[in-house]
Amino acid sequence: MVWCCSAMGRSPPAASPTCPSWRWTATSWSRTDRPGLADRLAVVIASVGGAGYAPLAPGTVGSLVAVIALWLVPFTPAGLIVTLVVVIVAGIWAGTRVERLLGVEDPGLIVIDEVAGMMLSVITLPRTLPVLLTAFVLFRVFDVWKPFPARESQALPGGVGVMIDDLIAGLYALILVAGARALFGLPR
């Protein structure tokens, strides 16, 4: 099955070598080629409701969505852990499915991994604005830098490889923020 990214709304109305038309037509798509309900659900989950379609820095946008949710939703400690587990499991499923659907490893529209990484970065910390912003900056640095073993973990297959590097980045951010709080009392 050949997919073009315009099928999922990513490309501007223009032809490409794999997709001569920017629209589905009776001649270019059969009914079995169109994404089914599970595929569409996987895209919604993986893109965090469309945040992954941001034209610039979709990973940063996904992380900001997580920061806003973590600040506004009054998670209990147990509720945050359960939510993180659900996000990880859903992210592995959706990431695997979207990678297969688009034929690309870790496409930019998958940002559920950033949500999981941000959640992990503050899992044991108070979710005050200074803590969230510090964790956000550190998480983004580690997510882009990908220090050992984050970069190597991307070789894992499917959604596991998509999710694990961001969880490692989130863990590094958590360690630094918790350490700074223990040593210096900041951020509060």
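The values are calculated or read from the model by the stated rules, or taken from the named source; none is laboratory data. Owing to the predicted nature of the structure, the values given are computational and were not obtained by experimental measurement. Heads up, the Cβs are rebuilt from the backbone with ideal geometry, glycines too, and the neighbour counts pull from every protein chain shown.
Determine whether G62 is at pLDDT 95 or above and closer than 13 Å to V115 by Cβ. Yes: the conditions hold for G62. Restricted to the stretch 176-188, and to residues there that are in contact (Cβ under 8 Å) with a residue 40 or more places away in the chain and in a loop (DSSP other than H, G, I, E, B), the residue that is surrounded by the fewest Cβ atoms within 10 Å (Cβ to Cβ) is R188.
Yes or no: P126 surrounded by fewer than 21 Cβ atoms within 10 Å (Cβ to Cβ) and either farther than 21 Å from A46 by Cα or at pLDDT 95 or above (or both)? Steps first, please.
Working: surrounded by fewer than 21 Cβ atoms within 10 Å (Cβ to Cβ): yes; either farther than 21 Å from A46 by Cα or at pLDDT 95 or above (or both): yes.
Spelling it out, P126 is indeed surrounded by fewer than 21 Cβ atoms within 10 Å (Cβ to Cβ) and either farther than 21 Å from A46 by Cα or at pLDDT 95 or above (or both).
Of all residue pairs spaced 6 or more apart or on separate chains, those with beta-carbon atoms under 7 Å, a first member in the stretch 48-64 that is under 23 Å from A173 (Cα atoms) and surrounded by fewer than 19 Cβ atoms within 10 Å (Cβ to Cβ) and a second member that is at pLDDT 95 or above and basic (K, R) are T60/R140. I'd like the full set of residues that are among the hydrophobic types (A, V, I, L, M, F, W, C) and either in a helix (DSSP H, G or I) or crowded, with 21+ Cβ neighbours inside 10 Å (or both), limited to the stretch 153-175. Passing the criteria: V160, V162, M163, I164, L167, I168, A169, L171, A173, L174, I175. Within the stretch 72-113, the residues that satisfy the criterion of being under 16 Å from the mean Cα position of the chain (by Cα) and not in a helix (DSSP H, G or I) are V104, E105, D106, P107, G108, L109, I110, V111. When A42, A116, A69 are checked against the criterion of being surrounded by fewer than 21 Cβ atoms within 10 Å (Cβ to Cβ) and either in a helix (DSSP H, G or I) or modelled with pLDDT under 95 (or both), a single residue qualifies: A69.
Based on what the data block shows, is A94 surrounded by 24 or more Cβ atoms within 10 Å (Cβ to Cβ), free of Cβ contacts under 8 Å to residues at least 60 places away in the same chain and not polar (S, T, N, Q)? Against the criterion (surrounded by 24 or more Cβ atoms within 10 Å (Cβ to Cβ), free of Cβ contacts under 8 Å to residues at least 60 places away in the same chain and not polar (S, T, N, Q)), A94 does not qualify.
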